[in-house]
1. Of everything in the range 281-312, what is closer than 30 Å to Ala203 by Cβ and among the hydrophobic types (A, V, I, L, M, F, W, C)? Give them in sequence order.
2. Quick check on Ala732: is it surrounded by 19 or more Cβ atoms within 10 Å (Cβ to Cβ) and either within 17 Å of Tyr104 (Cα to Cα) or aliphatic (A, V, I, L, M) (or both)?
3. For residues in the range 165-196 being part of a strand (DSSP E or B) and touching a helix residue (DSSP H, G or I) at 6+ places or on another chain (Cβ under 6 Å), which is surrounded by the most Cβ atoms within 10 Å (Cβ to Cβ)?
4. Could you list, in sequence order, the residues of the range 448-473 that are out of contact with any strand residue (DSSP E or B) (no Cβ under 7 Å at 6 or more places or on another chain) and either hydroxyl-bearing (Ser, Thr, Tyr) or under 17 Å from Leu406 (Cβ atoms) (or both)?
5. Of (1) modelled with pLDDT of 95 or more; (2) open to solvent by 20 Å² or more (accessible area, probe 1.4 Å); (3) within 16 Å of the ligand (Cβ to nearest atom); (4) outside any helix (DSSP H, G or I), Ala385 satisfies all except one. Which?
6. Could you tell me how many of the residues in the range 168-215 are within 11 Å of the ligand (Cβ to nearest atom) and among the hydroxyl-bearing types (Ser, Thr, Tyr)?
7. Could you tell me which of the residues Ile318, Ile333 is within 26 Å of Thr230 (Cα to Cα), within 12 Å of the ligand (Cβ to nearest atom) and not charged (D, E, K, R)?
8. Scanning for something under 20 Å from Val480 (Cβ atoms) and part of a helix (DSSP H, G or I), does the range 590-601 turn up at least one residue?
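The values are calculated or read from the model by the stated rules, or taken from the named source; none is laboratory data. Predicted model only: the values in this text are computed from it and were never measured. All Cβ positions, glycine included, derive from the backbone under ideal geometry; neighbour counts span all protein chains shown. Quick note on the areas: whole protein, heavy atoms, side chains included, nothing else; ligands and nucleic acids left out. Shrake-Rupley method; radii C 1.70, N 1.55, O 1.52, S 1.80 Å.
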Amino acid sequence: MKEHARVVVIGGGIVGAAMLYHLTKLGWSDVVLVERKQLTAGSTWHAAGGFHSMNSDPNVARLQAYAISVYKEVEEISGQDVGMHLTGGISIAATTERWEVLRYEKERHKVLGIDSHLIGPEEIKKLCPIIDTKDVIGGLYDANEGHLDPYGSTHALAKSARKAGAEVYLNTMVEDLVHKADGTWTVVTDKGNIQCEHVVNAAGLWAREVGQMAGVHVPIVPMEHHYLLTGDIDEIAELDSELPLILDLDGEMYLRQEQNGVLLGVYERHSTPWSVDGTSWDYGESDLLEPRLDRIESELLRGFERYPLLADAGIRRIINGPFTFAPDGNPLIGPVRGVQNYWSCCGVMAGFSQGSGVALALAQWMIDGEPEGDVFAMDVNRFGAYATKKYAIEKGKEFYQNRFLLLCPNDEWPAARPNKVSALHDRLQQANAVFGASFGLEIPLWFAPQGSEPTEVPSFRRSNSHDPVGEECRAVRDSVGILDSSSIAKYEISGPDAVSYMDYLFASRLPDVGRIRMGPLLLPSGQLKGDLTVMRLADDRFMITGSGYLQDFHMLWFEQNSAGKNVRIVNRTDELSAIAIAGPESRALLSLVASVDVDNDSMPFMSAQSVNVGIAPCLIARLSFTGELGYEIYVPTVYARSLYDRLLEVGDKFGIRAFGIRALVSLGKEKSFGIWSREFTPDYTPAMCGLDRFIDYGKADFIGRDAALADRDADHDHKLVTLEIDSSDADAWGYEPIWFKDEYAGFVTSGAYGHTVNKSLALGYVKTQFLDSSNDEFSVHVVDERRPAVIIPEASYDPSGSRMRS
Ligand SMILES: Cc1cc2nc3c(=O)[nH]c(=O)nc-3n(C[C@H](O)[C@H](O)[C@H](O)COP(=O)(O)OP(=O)(O)OC[C@H]3O[C@@H](n4cnc5c(N)ncnc54)[C@H](O)[C@@H]3O)c2cc1C
């Protein structure tokens, strides 16, 4: 066994093997994998081996498509048969709602480059003669789906890595991880120690235990999962071709052929978490759990209805095995804050669909410093301290049992909530707020009419929130609205090196004291890393605000770039609340409670100052996320409630009205404001999306400067535009295709109804070759229908920005 290696990957399941292979594929060969038993000895060996590219997150879907392509590659390199059965797969719909969603999904597949098409019940029956299609409306067929051999595919990845110089140590248990002062690691195994630069936690079922060795809490929970294998079925034995993989979404089960019988797996509604306090080191290799037929009885009966032949086929074997789930079902990958050179590569619940995609992204991260493109949906830093063990269990259960649930864009799942609440929570409840959750915090989405149930009906079309949100928007445009914006992230950066540090971190010029600037963050590649707001409170003290769910993502970036700098970086999000007031009457309101003059000269647009509001000490930033005159008031959380009450009391005479995030999104869309995770992500550059206007290209140095200069002068194949869509009952949501005549011209990043301009609006990236085309030939898919659309050259509301500056 080597005593030194650049990387030690812990765990030899499908994910660890894919990780080892991708490190070598990208050029690192001094890498080893340590496996306590044999390869596949965790969840991997008993998996059904099915794979598909569908995922609700487009970037994860893209990586899944990549993962499938790798099996052929490693089979060729290694000579190891991966047992590939590229049977094609059909997701079937048995309800009109599901059918609508599949039609919608098919359009989104175009954007992702996934070649799928719709088929009717007859064709489904032709491809899968054992299915009963009496209630089936149709299906979405993807030729790039199927199943493979878990053993063969894991070994093919590991063998291919070994051919490129990697080593694999079997029957070797990692017992401890010791972090050394220089940031490197001693991996303590029962066969001796390995000194290494990086460790990768790919320990699957034992990822929690391996996390603890480095002091890292891994928010996952293993869940029990059943599938059954039938004996031979004559009708299947006689078929000329193999059955496709069938995902019966409404029946919550999947089926594929296994020799001359079938494998039928079910996602039961009463999920069973397994070993919630940790996985025993004694478990594994060939262990299985006792089948719990009573728990899956109703699902199996549904299976026998869908595939009547199964009832008489005889069950050859029932498998019940555990595999891990993160709270939202997506993997947990990336560096972990505060633990240098430790990499998370776990929580992968669909290892055969996702393993190589996860591994590619993480290997890029380790070798190049960042993954290519936006992988936030898999980033371990999307969860913070709020994702405790209990949270992980409740959310993991919820995800498992909703795995095939029809998920609408406005769905808000209830498990493990409320967790964090703002100081204004009871006031918002009294106002009948409908809540969502962001980074564990309850946030007001919109306010239901008093006397009605504060819930939103899940829908792909305009929901029961539509009219109340419209009223909130009009209140902001006409008088004054008030928003609990406490979820906004607030960071303070100060110290002797604060100026040089900030100047290098941000691509924009730093604001003068008392002033505010938009602050894009760039990666060295010139892609976007953040869209923050920078306020200068003193020469050497800055307050930075941004999206609350990115707190750990941004803190990690701040910390990673602070080496050798004498700066203090503090996340003050929980300790400071935020209340926004916006609308033409907001100044008049503020003037009645503020300790200073708030006229345009005393408190101009994009300025910040410490002010007492009522009796509370606050920081007021004159900013606008609505396009109206507006103020963000930051206040220590202990004062937030009395301040809110005071603002409501004084605001009464102006007709003040609480508004929520939905109204904010709608108002922002009317202004063509982009937002992070939609218009702004690491997939795009500043010149593609217009954030170049905030970049100070004359600055001597900042992260990504050279690339930003090249980006400024380059021709781009896509540009961000605003579209007005002719749609009467639904709005675009994201990743719908934009068409020019019948040509694919781009895709939507986000959409909303503009209530005060009475237009369905969307932002999206359009191929530049179409930008000079005749504007009346565009269309956009909204839900399952192509709707006419026009590109509008400027924001649909107050394009000059006079209202927010007034
Ligand atoms: C019944 C069932 C059916 C499934 N069907 C499918 C399917 O059809 N398609 C699909 O994509 N997914 C499926 N899955 C999920 C799939 O099995 C997992 O996503 C995948 O196996 C996870 O792989 P992994 O490498 O992350 O973890 P694991 O397979 O758990 O591997 C972790 C490895 O790490 C090793 N290890 C742990 N700790 C240490 C240590 N301290 N030192 C050394 N080694 C250590 C373990 O021995 C183990 O081999 C199914 C799961 C189950 C249970």
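1. Answer for the range 281-312, where residues must be closer than 30 Å to Ala203 by Cβ and among the hydrophobic types (A, V, I, L, M, F, W, C): Trp281, Leu288, Leu289, Ile296.
2. It is true that Ala732 is surrounded by 19 or more Cβ atoms within 10 Å (Cβ to Cβ) and either within 17 Å of Tyr104 (Cα to Cα) or aliphatic (A, V, I, L, M) (or both).
3. Leu177
4. Within the range 448-473, Ser452, Val457, Pro458, Ser459, Phe460, Arg461, Ser463 qualify.
5. Every listed condition holds for Ala385 apart from (3).
6. Total meeting the criteria: 3.
7. Sole residue among the options that is within 26 Å of Thr230 (Cα to Cα), within 12 Å of the ligand (Cβ to nearest atom) and not charged (D, E, K, R): Ile318.
8. Within the range 590-601, one or more residues are under 20 Å from Val480 (Cβ atoms) and part of a helix (DSSP H, G or I).
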